[in-house]
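The values are calculated or read from the model by the stated rules, or taken from the named source; none is laboratory data. Since the model is a prediction, treat every value here as computed from it, not as a measurement. As a convention, Cβ positions derive from the backbone with ideal geometry for all residues, glycine included, and neighbour counts pool all protein chains shown. Note: accessible area is taken over every heavy atom of the protein model, side chains too, but ligands, DNA and RNA are not part of it. Shrake-Rupley method; radii C 1.70, N 1.55, O 1.52, S 1.80 Å.
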Amino acid sequence: MKTIFVSDIKKAEFDGQQITIPGWVRSIRRHKNVVFVDLSDSTGFVQTVFDKASHSKETLSLLERLTEESAIEITGQVIQKDQGVEIQVTELKLINLATKTLTPSVRSETTDIFDEALTNHLLSNRHIYIRNPKVMSILNFRSQVMSSIRLWFDQNHFTEVTAPILTGMPLYDDNTAIDFNLRDEHLFLTQCVGFYLESAVMGFERIYNIGPSFRREESRSKRHLIEYWHIKAEFAWGHFEDVISIVEQLLHDNAVYIGNNLTSTTKILGTPLCLDGMKTPFPRISYRDAITELNNNGFDHPFGKSLGSEEEKFLSREFSTPFWIVGIPRSIEPFPYVINPEDNQVTRTADLIANNGYGELLGVAEKISNPEMLAERMAEKNRLTDPRYQWLRDLRQYGTVPHFGFGMGVERYLRWVLSIPNVRDCIPFPRAFGRKIFP
C-alpha cells in the first residue's frame, strides 16, 4: 500500500532521504544530458531528475518511450532547493504505459476547464479529465463541504434518514419526473424525498437526507442538471421563522468553515471565493413586491408565474447578499405546503436567491399538518383521489404536528460559492440536458 505522497516529501524532514513513490507522468522534458519527469499523484506533483550518465540503457530506452499519464514508480533522493523540491532518481519502474494521449494535457493546470470551446471535448472525455487539477480541486472542495454540512447536522441534533430513490409518486406532475416500468409497476426516480421525510420526522423530530434527485423537464440553463444532489432537512414543532433561521445558520457556519479551511481551491481555479453566506440575516422581499419591481422595470411577469433566471438575476442587483423571496403562490408550489392564512393566494414558503446573479439556491416551507387543508391542496393538484398519495393523508390521522423543511441543490450551492459558470462543473460525472449519458 502506498504510504508516501507528493505532499509528504515536500516537508523538511524528507530532505536528503531516499524514497520510493508511485504516481503518474504529468509531463516529460527531454534534454541532451538530463530528463525531467513531473510525477503526479492525488496530492500534487514533483519534478524528478534523471541524469542520463547515471542510468542503464534499459532505463534510458524506457525514458524515450515514456508518455504522459503512464503509471510509474521511482526511487531516488529528495533534494530541497530554494525554488522547490525535486527527486534525483536512481531507479525507474514502469507500472503501465499510457498508449493514448489527449490535448490539452490531462493534468495541465493551465487548461481553462470553463472554456465553452472545450466543453464538449472535456465532457466527452470526463473519465480521463477527472484527473485534471482544477476538476480535482472542485471535487475535493465538494467532498469537504459535504463533510462539514453533515457534521453541522449532527451537531444540531439532526438524524440522517436514507430515503428511497425509487418512488411511485413524484412531487410535481408526472411528466416532470423520469419514469420507467419495473415488472408491473409504473415508477419514478425521485424528484424530492420530502414525502418520506414527512413520515420519519414524526419519530425523529429532526432529520436530514443527502442524495440524488432527478428531473425530466428540458432545461439548458447553467443551474440545471438531469441528475443532481439534494440536501433535504425537516424538523417538527416551531414556526416558519425557525426554518429561515436554521438555513441561515447552516449557510453562515459553512461559509466560516470554507473561509477557514478551503480558500486554496479558488487560487487553483482562478475564481473569487464567495463567503457572503456569513452576512446573515439575509434581507427579504415578498413575491408580490418582486413581481411589482419586475413589471416596473420592463418585465411582463404575471402573478402566479415562477421566476426565471433573468428575473432572479435582475432582482439580485439590489442585494449584496443572498435574499429571500417570501410567499410563493399556491398555484406554483406543490400541495404539501401550508396556505398563508393572511393571504390565501400564497403559501408559507420562501426561496433563497443567491447574489451575483447565480439564481435560486434553496427553498423552505411549512408543511401541512391539518387534514382538511391537505385535502383542499390535494384537490387543487388533482391528487385527492389518486391512490398513490393516500398514505400521506393517513399520516395526518396519526398525530401529525407542524413541521418544516428545506431543500438545497448541492451543485447550485458549490457553483455560487466557487463563482464558476455552470453546475455541470460541480459534479464528478454531469448528466446535462442535450448530451447523451456518456461516460
Karplus-derived 3J(HN,Hα) from phi for the range 268-279 (6.51 cos²θ - 1.76 cosθ + 1.60, θ = phi - 60°), whole Hz, x at Gly and Pro, runs 5, 7, x, 10, x, 8, 9, 10, 6, x, 6, 8
Residues of the range 268-308 with backbone N under 17 Å of the label point set 7 Å from the Cα of Arg317 along Cα→Cβ are 290-301, 308
Connecting every pair of Cα atoms under 10 Å apart in the chain and solving the GNM, the largest mean-square fluctuation among Val364, Val417, Val35 falls on Val35
Applied in sequence order to the range 98-103, the curve 6.51 cos²θ - 1.76 cosθ + 1.60 (Karplus, θ = phi - 60°) yields integer Hz couplings, x standing for Gly and Pro, of 6, 9, 10, 10, 10, 10
Normalised per residue, the volume inside the convex hull of the alpha-carbon atoms of the chain in Å³ amounts to 184
Checked against the positive end of the charge dipole of the range 302-421 (+1 on Cβ of Lys and Arg, -1 on Cβ of Asp and Glu, about the Cα centre), the farthest of Thr400, Pro421, Phe319 is Thr400
For the chain, longest principal axis from Cα atoms; helix 371-380 axis from its Cα atoms; angle between them, nearest 10 degrees, is 80
For the chain, longest principal axis from Cα atoms; helix 194-204 axis from its Cα atoms; angle between them, nearest 10 degrees, is 90
Order by accessible surface, 1.4 Å probe, largest leading, for residues Asp82, Asp351 comes to Asp82, Asp351
Here FRET efficiency (C-beta to C-beta, Leu60 to Thr385, R₀ 51 Å, nearest 0.05) is 0.05
Cα extents of the range 306-370 along the principal axes, largest first, in whole Å, come to 39, 19, 16
Volume per residue (Å³) of the convex hull spanned by the alpha carbons of the range 357-397 is 108
Between Glu360 and residues 5 or more places away or on another chain, the pairs with built amide H atoms under 5 Å apart involve Ala354
Taking the reciprocal of mean 1/r across every pair of different Cα atoms in the range 383-439, the Kirkwood radius in Å is 15.4
A correct Karplus calculation of ³J(HN,Hα) over the range 149-158, with 6.51 cos²θ - 1.76 cosθ + 1.60, θ = phi - 60°, whole Hz and x for Gly and Pro, returns 5, 4, 4, 4, 4, 4, 5, 9, 6, 9
Of 261-273, 368-380, 206-218, ordering from highest average Cβ density within 10 Å down gives 206-218, 368-380, 261-273
For the chain, the charge dipole (Cβ of Lys, Arg +1; Cβ of Asp, Glu -1; about the Cα centre) points to a positive end, and the Cα of Thr99, Val37, His55 closest to that extreme belongs to His55
Place a point 7 Å from the Cα of Phe433 in the direction of its beta carbon; the residues of the range 172-214 whose amide N falls under 19 Å from it are 172-179, 189-192, 213-214
Note on the range 233-339: the mean projected area of its alpha-carbon convex hull, in nm², is 8.8
D (µm²/s, integer) via Stokes-Einstein for the range 75-189, Kirkwood Rh across alpha-carbon pairs, 4 °C, 1.567 mPa s: value 64
Which residues qualify? For Val193, with a placed amide H closer than 5 Å and at least 5 residues away or on another chain, they are none
Pairs over 26 Å Cα to Cα, from Lys11/Lys32; Lys222/Lys436; Lys313/Lys367; Lys52/Lys93, come to Lys11/Lys32; Lys313/Lys367
Per DSSP, the loop-located trypsin sites (Lys or Arg not before Pro) within the range 382-439 having at most 13 other beta carbons within 10 Å are Lys436
re the range 186-244: pairs of Cα atoms spaced beyond 20 Å account for a percent value of 40
Taking Cα atoms, the helix 240-261 axis meets the longest principal axis of the chain at an angle in degrees (rounded to 10) of 10
In Å, the C-alpha Rg and Dmax of the range 254-397 are 18.7, 55
The simple spin-label model distance between Ser124 and Asp184, using points 7 Å out along Cα→Cβ, in nm, is 4.6
Ordered by number, the trypsin sites (Lys or Arg not before Pro) in the range 93-162 that occupy a DSSP loop and have at most 10 other Cβ atoms within 10 Å are Lys100
